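Below is one structure, written out as structure tokens, with a few remarks after it.
The values are calculated or read from the model by the stated rules, or taken from the named source; none is laboratory data. Keep in mind the model is a prediction, meaning the values are calculated, not measured. Ideal geometry is used to build each Cβ from the backbone, glycine not excepted, and the neighbour counts take in all protein chains shown. For accessibility, only protein heavy atoms count, side chains too; no ligands or nucleic acids. Shrake-Rupley method; radii C 1.70, N 1.55, O 1.52, S 1.80 Å.
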Amino acid sequence: MATLSIIKADTGGWVGHSAVHPEQLATAKVRAEEAVSEGLLMDAHVASCGDDLALVMSHRLGPDHPDVHGFAYRVFQETTAVAQRLGLYGAGQDLLSDAFSGNLRGMGPGYAELELEERPSEPVLCFLADKTEPGAWNLPLYKMFADPFNTAGLVIDSKMHAGFVFEVFDLYEEKRIEFRCSEESYDLLMYIGAPARYVIHSVTSRALGITAAATSTQRLSLIAGKYVGKDDPVMIVRAQSGLPAVGEILEPFTLAHTVAGCMRGSHHAPLMPVAADQAHPSRFDGPPRVVALGFQLHEGMLGMPRDLFADPSFDTARSTANTVMDYLRRHGPFEPHRLPLEDLEYTTMHDLEAVLARRWQPIPGAKKAAGV
Ligand code: F6R
Ligand code: MG
Ligand code: MG
């Protein structure tokens, strides 16, 4: 069995929150090569999306392994030191603790891990997003694995016709549930249509009995109890031979669907699919970006990634994202561009309420005014 792990963190931005500095990437690459030569990892690829540094790793240690998680944490501590030395912005932003204790749960970095028995040929897509949250994967995952208007294979491939099981996490109450699709797809949609709370954690093929997709599901803001940056998500999706084809996996991103994130983690904005060298959200700290790296996993080796959104057929999606961004931006501080109060990452509302409490008066004729 091999395990694919994508572990990512924002350890400091160049400039502001828009990119990872080349020196941080170089430091991570050196450490990744050492970990491969020492035998901890079978292979590793260092990538970035916006201000998030991602380690894409293959190994034989299984998910949640302290050696793999500990290695990633040490890399992030080193890239934080680089950020401190260069005066980068928000150095160590996602590292919530100085001491690593067993695994990364609740420690800040995000991770998606998928254990697999390698098929004779194993195409795997790794998605990295910046300026958004894990629920951003809900809509594309639904389309890939449950919508026949997106995925032709659901209708015409007998292995896919049996459908997929979606595992959903309730991030507020820390509980999980499974929905068997297609027959429970309406139930599934009732939950995952609220992506701030309900997040698809994994998808399993009913015919093949294998995990086809895994996402990162941490909510940094909830972990830390205060705003410390968006928990920009990552995702692993296996392709072909009874799973959606590469093109069916990429197709949902032609929508540039609206996600939460962008400026101050507090706005709705379109998710723009981009080539890796365009993954630098600068306009209004957005629009949020997604990068897709395709690997042809072979005997545990990742090999070279293909940059799958570096394709002119996503130009219309990018243009749509710009049009939607122009339209939403004109709403300024109004919803639905700004998130509803309960989902705001930063808010002065609490302080404002304290200051204004005495100035609220009952509306004449009203039986009762809240807080008066
Ligand atoms: C969004 C994000 C940025 C910052 C914004 C303000 O996820 O990281 O949009 O929220 O640039 O940053 P501070 O408060 O650090 O000045
Ligand atoms: Mg940042
Ligand atoms: Mg980020």
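I'd like the FRET efficiency for SER158 and HIS298, computed as 1/(1 + (r/R0)^6) with the beta carbon distance as r and R0 of 22 Å, rounded to 0.05. E between SER158 and HIS298, to the nearest 0.05, is 0.25. In loop segments of the stretch 305-340 as defined by DSSP, the trypsin sites (Lys or Arg not before Pro) with at most 10 further C-beta atoms inside 10 Å of their C-beta are ARG330.
Under the convention that each Lys and Arg Cβ holds +1 and each Asp and Glu Cβ holds -1, the size of the dipole of the chain around its Cα centre is about 1220 debye.
Across the stretch 351-361, coupling constants 3J(HN,Hα) worked out from phi with the 6.51/-1.76/1.60 Karplus curve, θ = phi - 60°, read 5, 5, 4, 5, 6, 8, 3, 6, 8, 6, 10 Hz, and Gly and Pro carry x. Taking all Cα pairs closer than 8 Å and separated by 6 or more residues, the relative contact order of the stretch 1-116 comes to 41 percent.
Using θ = phi - 60° in the Karplus curve 6.51 cos²θ - 1.76 cosθ + 1.60, the 3J(HN,Hα) couplings for the stretch 120-125 round to x, 9, 10, x, 10, 10 Hz; x is entered for Gly and Pro. Within the shell defined by Cβ-Cβ distances under 12 Å, the residues around PHE169 carry a net charge of -1, with Lys and Arg each +1 and Asp and Glu each -1.
Build a GNM of the chain with springs between Cα atoms under 10 Å: which of PRO123, PRO333, PRO281 gets the top mean-square fluctuation? Among PRO123, PRO333, PRO281, the largest GNM mean-square fluctuation belongs to PRO333.
For ASP343 and GLN77, a Förster radius of 30 Å and the Cβ-Cβ distance give a FRET efficiency of 0.45, rounded to the nearest 0.05.
Calculate what fraction, in whole %, of the accessible area of the chain sits on carbon and sulfur atoms when a 1.4 Å probe is rolled over the protein chains. Whole-percent figure for carbon plus sulfur exposure: 55. Shown are ARG359, ARG119, ARG264, whose ranking by accessible area with a 1.4 Å probe and every protein chain present, most to least, is ARG359, ARG264, ARG119. At a probe radius of 1.4 angstrom, the accessible area of the stretch 305-363 per residue rounds to 75 square angstrom.
Restricting the stretch 153-183 to chymotrypsin sites (Phe, Trp or Tyr not before Pro) that sit in a DSSP loop and have at most 15 other Cβ atoms within 10 Å of their own Cβ leaves TYR172. All other residues whose Cβ lies under 11 angstrom from that of GLU251 are scored, Lys and Arg at +1 and Asp and Glu at -1, for a net of -1. Shape analysis of the stretch 1-116 places it in the prolate category; the axes a ≥ b ≥ c from the Cα gyration tensor give an a/c of at least 1.5, with a/b above b/c. Average accessible surface for the stretch 12-149: 38 Å² per residue, computed with a 1.4 Å probe over protein heavy atoms with every protein chain in place. Once all protein chains are placed together, SER319 keeps about 60 Å² accessible to a 1.4 angstrom probe. Sparse packing (at most 10 other Cβ atoms within 10 Å of the Cβ) combined with a DSSP loop state is found for the following GluC sites (Glu not before Pro) in the stretch 95-200: GLU117, GLU173, GLU174, GLU183.
Between ASN103 and ARG359, the FRET efficiency estimated from the beta carbon spacing at R0 = 51 angstrom works out to 0.55.
The stretch between ASP326 and GLN84, if pulled fully straight at 0.36 nm per residue, gains 83.6 nm over its current Cα-Cα span.
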